[in-house]
Each structure stands twice: as structure tokens, then as C-alpha cells.
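The values are calculated or read from the model by the stated rules, or taken from the named source; none is laboratory data. Being a predicted model, the structure only gives us computed values, none of them experimental. Note that each Cβ is placed from the backbone with ideal geometry, even for glycine, and that neighbours are counted across all protein chains shown.
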Amino acid sequence: MGKSMCFVMPTLLTKMRTLVIEPIPPLLFDEKHGVEKKGLKVAVIDNTYTDPKGANRDVNVADMIKKADMIYVTPDACFDDNGKNSRVMDAVIALNQTEKLVLVALDEAHLAWHEAKPQFKALRNLKNLFPNVALMTATGTATKPTREKLLKELLRADRSKELWASVDAPNIRARCYHVEVKKGSAKKSKEGEEADAPHETKTTPGDWKKLVELIAKEVKNEPAVFFYDNQQAIDVIAEAFKKYASDIITLTYTGDYDAKTQAEILEKWKKNEATLVIATSAFGHGVSRVDVRHVYHLGVPQSLEEWVQEAGRAGRDGKPATATLLWHDQTPEEMAFEGLDEEDKKEAISRLKAMQLYCKSEECRRRVLFEYFGEEVAKKSCDNCDLCLKLPVLERIVIEPHTIDASLDL
């Protein structure tokens with residue numbers, strides 16, 4: 001169970017309740033199954049309990065959590081769109097006043113600063129909501145400044161202890177290659193000027209042929225994940241695999257899928273019913289399959305933290321694996337920073353620029369990573385990245401989307 005065991009132990013030892021705030025919805029069901037095997041009663045609560053149109057909006061939440069030993073909730077079940085307490089959070093606070101919780105734990109705690117949604121910002125106030133309860137935060141990717149924020153703003157710094165380990169996974173071969181993704185040009189009017197009508201780009205399976213064949217050649221029948229943060233292209237890429245690499249069975253996964261669908265996809269993949277998952281970054285946190293041999297990401301992740309999360313899906317069994325970043329040129333202005341205040345936006349752009357430096361580096365990939373996360377750099381070469389191994393440069397790949405009118409039925 002990894003770090004999850006740290007959340008469970010206080011309840012096992014004291015028989016008191018623990019509240020775990022889990023930002024990654026599919027993990028709720030993973031946690032539930034694992035904890036129930038230890039004889040504990042579990043309540044899993046997501047936004048279907050707080051959304052006015054949610055399937056569980058009429059469920060008596062207070063009664064539900066009273067019957068549980070472990071309470072697992074998502075941030076959007078704790079707080080509304082304005083960052084105010086939801087009925088779920090009010091019920092937990094009320095319960096704590098009569099039957100004190102032993103622990104409030106926040107998983108993937110760095111997201112309290114990396115996500116723009118009010119529900120995530122509200123997580124920074126946990127120590128005020130539960131002044132008499134022990135707090136714990138966990139994250140697999142936090143720089144030194146982020147760890148300092150966790151201690152100072154989210155935890156009680158004078159009574160907290162920090163435990164951390166290296167972000168490095170030495171069994172994973174890190175590779176970084178440049179690809180070209182051409183933007184569709186605006187549709188021209190008869191006079192040769194750009195039309196006023198809105199337009200957007202859309203790819204076809206043929207645009208992905210070269211990349212699909214390359215990945216299929218490497219992956220063969222080994223478990224793999226392909227990340228691309230363009231939800232509209234995910235199904236097209238899956239179609240390209242069916243057309244050009246039909247022996248690679250694929251599943252698709254995006255953040256738009258509901259929690260039940262996401263959990264079903266994870267279950268199929270864990271049962272080895274597919275070789276490759278084609279997904280957005282929503283798949284990058286906490287997926288616990290240990291035998292993934294290949295991870296690919298097309299584009300530039302918004303931060304090295306995000307890339308480490310995704311790359312870390314590979315080789316969790318300690319055996320050799322590869323994490324390949326297929327990056328293309330993007331400027332901070334092209335990235336989405338909506339909802340961030342000026343300070344958070346400045347930090348987000350700084351993280352993105354660090355990610356771009358990693359992509360364009362001419363020295364050891366791990367050295368760049370260690371310096372970013374504030375770790376001591378022991379040696380110049382890691383002997384397991386494309387630069388240290390002097391691997392050949394990837395053959396030129398160009399993905400050229402078509403431009404179509406947004407008014408068309410897509």
C-alpha cells in the first residue's frame with residue numbers, strides 16, 4: 001500500500017477515525033479495497049454527493065461517515081466552487097467535535113498550490129478547520145520551496161517533522177526527443193484573407209502513423225502508457241493504433257470520464273486486458289500497476305513535478321523501464337494558467353520554464369532533475385539517460401493536424 005499505510009496505521013492503532021483527502025478520484029476505490037482487507041470500514045465520498053445533480057446528492061453523509069473507520073474524500077467533495085465548506089466537510093467537522101479524529105491526511109499535497117481550482121486552494125486551510133487533530137501531507141514530487149510551504153502554511157511548522165526521499169528511480173532510462181507538431185493554419189477566405197469564423201485543428205489517424213509505428217516497435221506486448229494532454233486527439237490516436245499497430249490493444253483515459261468509468265478502465269488494465277493506455281495527465285497520479293515498462297509523453301508537461309509523476313508510472317517493480325518525453329516547442333503564453341492569481345501564475349510559468357530547460361538540456365537529465373528538486377548531485381553522469389548514454393537522436397517526426405471550421409459537426 002506504500003504511503004497509504006501511513007494513513008491507515010493511526011486508525012489501526014487507536015481505533016479512532018482518519019480523514020484522507022485524495023485528489024485523484026480513481027484512487028479512492030483502490031484505497032477502499034486495500035483498507036477493507038484490513039478489516040476497517042470505509043466511506044468513499046466524491047462530488048456526486050455534493051453536486052446538485054449528483055447521483056448521491058440525497059445520501060445522508062453524516063450517517064455514512066459515522067459508520068466508517070476511514071473516510072476518503074475528494075477536494076471537490078470537501079469544498080464548493082467558491083472554496084467554502086460543503087455539507088460533507090461540515091459533517092466531518094461536526095463529527096470531530098463529538099468523536100475526535102486521530103488524523104487528517106492530504107495526499108498529493110503539492111496540488112494545493114499547483115491546481116487553480118478553489119477547492120484545492122481551500123486545502124491550505126486544513127489546520128484551521130481541524131485545530132486539534134494531527135495533520136499529515138504526502139507527495140511524491142515536491143521541490144524544497146513547496147515542502148517549505150507545506151510546513152509553514154498547511155501544517156503546524158513548530159510541531160511537524162519532514163521525511164523525504166529522492167525523486168530518482170535509477171532503473172528508469174530517461175529519454176527526451178524533439179518532435180514537430182505543426183499548427184493548422186486558419187482557413188482562408190476567397191480573397192486570401194483569414195476568415196472571421198472560428199476554427200480549430202483536428203488530427204486524423206494518418207497524422208500519427210509514424211509515431212504509432214515507432215512506439216509499437218518498442219512496446220511490443222509490454223505494458224505502456226502514452227500521455228498527451230489533448231483530449232480531442234486521444235480517440236484519434238487510439239484509432240491510429242488499431243489501423244497501423246493492430247496487435248497493440250489500447251484503452252483511453254481522460255479527466256472527463258466519471259470516477260466509475262476511470263476505475264473500470266484501471267481495472268481492465270491491471271488485469272492485462274490491454275497493452276497500452278492512451279491518456280491525459282489525469283492518469284499520471286497514483287496508478288499502481290508495477291510492471292509498466294514504457295511511458296511516453298507527447299508535448300511539454302507543465303512542470304518537472306508532473307513529468308516525474310508520469311515517468312514514475314514505469315518500472316515500479318524495480319526492473320528496467322523507459323520514460324520518453326517527446327517534446328515540441330511551446331511558449332508559456334500557449335499554456336493554460338486560467339484561474340491562477342498573479343503569484344501562483346508566476347510560479348507556474350517558472351515551473352514550465354524549468355521543464356523546458358530539462359527538454360533542451362545538453363547535460364545529464366537526472367542532474368537537471370536533482371538540481372530542480374534541491375537534491376545533492378553526486379556525479380556528472382547517471383549512465384541511464386539518452387545524453388549520458390549518447391543514444392542516437394530520434395528520426396524526424398512531424399505531426400501535421402488539419403484545420404477545420406468549428407461550425408462543422410465534429
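With respect to Glu36, is the statement that it is closer than 27 Å to Met9 by Cα, surrounded by fewer than 20 Cβ atoms within 10 Å (Cβ to Cβ) and in contact with a strand residue (DSSP E or B) (Cβ under 6 Å, 6 or more places away or on another chain) true? For Glu36, the condition - closer than 27 Å to Met9 by Cα, surrounded by fewer than 20 Cβ atoms within 10 Å (Cβ to Cβ) and in contact with a strand residue (DSSP E or B) (Cβ under 6 Å, 6 or more places away or on another chain) - is met.
Of all residue pairs spaced 6 or more apart or on separate chains, those with beta-carbon atoms under 7 Å, a first member in the range 370-383 that is part of a loop (DSSP other than H, G, I, E, B) and a second member that is aromatic (Phe, Trp, Tyr) are Val377/Phe370. Total residues in the range 278-291 satisfying the condition of being farther than 23 Å from Ala233 by Cα and surrounded by 19 or more Cβ atoms within 10 Å (Cβ to Cβ): the figure is 1. The set of residues from the range 42-52 being surrounded by 13 or more Cβ atoms within 10 Å (Cβ to Cβ) and either part of a loop (DSSP other than H, G, I, E, B) or touching a Cys at 6+ places or on another chain (Cβ under 6 Å) (or both) comprises Asp46, Thr50, Asp51.
Among what's in the range 6-42 and is of a type in the set (A, V, I, L, M) and touching a Phe, Trp or Tyr at 6+ places or on another chain (Cβ under 7 Å), pick the residue that is nearest to Leu106 (Cα to Cα). This residue is Val20.
Just to be sure before I move on: is Ala238 in contact (Cβ under 8 Å) with a residue 12 or more places away in the chain and in contact with a Leu (Cβ under 7 Å, 6 or more places away or on another chain) in the structure I sent? Considered against the rule, which asks whether it is in contact (Cβ under 8 Å) with a residue 12 or more places away in the chain and in contact with a Leu (Cβ under 7 Å, 6 or more places away or on another chain), Ala238 comes out as no. Whenever a residue of the range 253-266 is within 17 Å of Thr74 (Cβ to Cβ), its partners that are acidic (Asp, Glu) and buried (at least 18 other Cβ atoms within 10 Å of the Cβ), lying with C-beta atoms within less than 7 angstrom and at least six residues away or across chains, give the pairs Ala259/Asp46. I need the full set of residues from the range 85-132 which are in contact (Cβ under 8 Å) with a residue 40 or more places away in the chain, farther than 29 Å from Gly312 by Cα and β-branched (Val, Ile, Thr), in order please. Hits for the range 85-132 are Val88, Val92, Val102.
Residues that are surrounded by fewer than 17 Cβ atoms within 10 Å (Cβ to Cβ) and of a type in the set (Lys, Arg) within the range 14-31 comprise just one, Lys15. Within the range 51-71, restricting attention to residues that are in contact with a Phe, Trp or Tyr (Cβ under 9 Å, 6 or more places away or on another chain) and touching a residue at least 24 places away in the same chain (Cβ under 8 Å), which residue is farthest from Val104 (Cα to Cα)? Among them, the one singled out is Val61.
Take the range 124-146 and flag every residue that is closer than 22 Å to Asp76 by Cβ, out of contact with any His (no Cβ under 8 Å at 6 or more places or on another chain) and among the polar types (S, T, N, Q). If the condition is that a residue be closer than 22 Å to Asp76 by Cβ, out of contact with any His (no Cβ under 8 Å at 6 or more places or on another chain) and among the polar types (S, T, N, Q), then Asn125, Asn128, Thr137 are the ones that fit. Answer yes if at least one residue in the range 311-318 is exposed (fewer than 13 other Cβ atoms within 10 Å of the Cβ), among the small types (Gly, Ala, Ser) and at pLDDT below 90, and no otherwise. Checked the range 311-318: no residue is exposed (fewer than 13 other Cβ atoms within 10 Å of the Cβ), among the small types (Gly, Ala, Ser) and at pLDDT below 90. Filtered by the rule that a residue be within 24 Å of the chain's Cα centre (by Cα) and either within 16 Å of Pro301 (Cβ to Cβ) or of a type in the set (D, E, K, R) (or both), the range 362-390 gives Arg365, Arg366, Arg367, Val368, Leu369, Glu371, Tyr372, Phe373, Glu375.
With respect to Ala186, determine if the residue is surrounded by fewer than 12 Cβ atoms within 10 Å (Cβ to Cβ), at pLDDT below 50 and hydrophobic (A, V, I, L, M, F, W, C). So Ala186 does not fit the description; no.
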